[in-house]
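Here's the structure, in structure tokens; my notes come after.
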Amino acid sequence: MHCLDETCHGLREALATLRRRINLLRGDSSRSWLGRKEYWDAAYASGRYKDSYEWNQTCETIWPYVLNTLESRLDAKILHVGCGNSRLGRMLHDDGYINVLNVDYSRVVIKMMQQSQPELQFLCVDCAESGALGEADHFDFCVDKGAIDSLFESNCDSMWQQGCAMIQEIHRVLKPGGKYLVISNGGIGSDVLKATFGHMQSEEIEGYACDLYYKLITIIVCTK
Ligand SMILES: C[S@@+](CC[C@H](N)C(=O)[O-])C[C@H]1O[C@@H](n2cnc3c(N)ncnc32)[C@H](O)[C@@H]1O
């Protein structure tokens, strides 16, 4: 049974990789905007994503998985990448997690969040830049809700490289044994995560996104 599960998992991954490669070969760039900082700045400035928006899943749906990964370590150093204007940073803060650094490369959204939630910590950097996230082996956990997805789902080679670079940078700043929780729409970067981290587990969950449509989401936990 275990063997069958593993075979199915392997087949699903191989299919996902094949689909991605076909899209790249087709030159399908219909979602290339997803990987551009200019897009996010313009979208947040226009009010398209209002004061608060949740990609993938509501925070309530993923909350048990977040808590399970964080192991109730309230003083842990937590990196929240591609925070956007999600409520996740606020929920972590209100639950007593005192060392959460919320990061996004959109100046617009970081300014918006700093103004509305001055008690939370925010940083505006591009997580795909080497060295951008500070010293090596610093964070206990990293939480990512749709951030690497926006690069990998762009369907273009340069953004794929950016996704790989972001994973490398996150791996660099996590302590040995540190965990990287990825809430992903389909687990599109999972083969890169698997190659970078020593250990990776994933499962699919059901729920609803901000648009209220039913969605299956992949929850991935990588350990350095
Ligand atoms: C799909 S949205 C997810 C937003 C939020 N985490 C949520 O759950 O709704 C992707 C976010 O990642 C940010 N982002 C994408 N690439 C990034 C990078 N290389 N460095 C920092 N932030 C990035 C975007 O600006 C955007 O806010």
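The values are calculated or read from the model by the stated rules, or taken from the named source; none is laboratory data. Note that this is a predicted model, so its numbers are computed, not measured. Areas reflect the complete protein model, heavy atoms only, side chains present, ligands, DNA and RNA absent. Shrake-Rupley method; radii C 1.70, N 1.55, O 1.52, S 1.80 Å.
Can you pick out the pairs among LYS77/LYS215; LYS145/LYS194; LYS175/LYS215; LYS50/LYS179 whose Cα atoms lie more than 24 Å from each other?
Numbers: LYS77/LYS215 30 Å; LYS145/LYS194 18 Å; LYS175/LYS215 32 Å; LYS50/LYS179 31 Å.
Checking Cα-Cα distances, LYS77/LYS215; LYS175/LYS215; LYS50/LYS179 exceed 24 Å.
For segment 2-223, what relative contact order do you get, as a whole percent, if you take Cα pairs closer than 8 Å and at least 6 residues apart? Write down the numbers at each step before the final one.
On the way: 397 pairs, mean separation 49.7, N = 222.
Computed over segment 2-223, the figure is 22 percent.
Given a 1.4 Å probe and every protein chain left where it sits, what share in percent of the accessible area of segment 2-223 is carbon and sulfur?
53
Students sometimes get this wrong: rank LYS215, LYS37 by accessible area, probe 1.4 Å, all chains present, largest first. Intermediate values should be presented prior to the final figure.
Details: LYS215 50, LYS37 85 Å².
So, going from the largest accessible area down, we get LYS37, LYS215.
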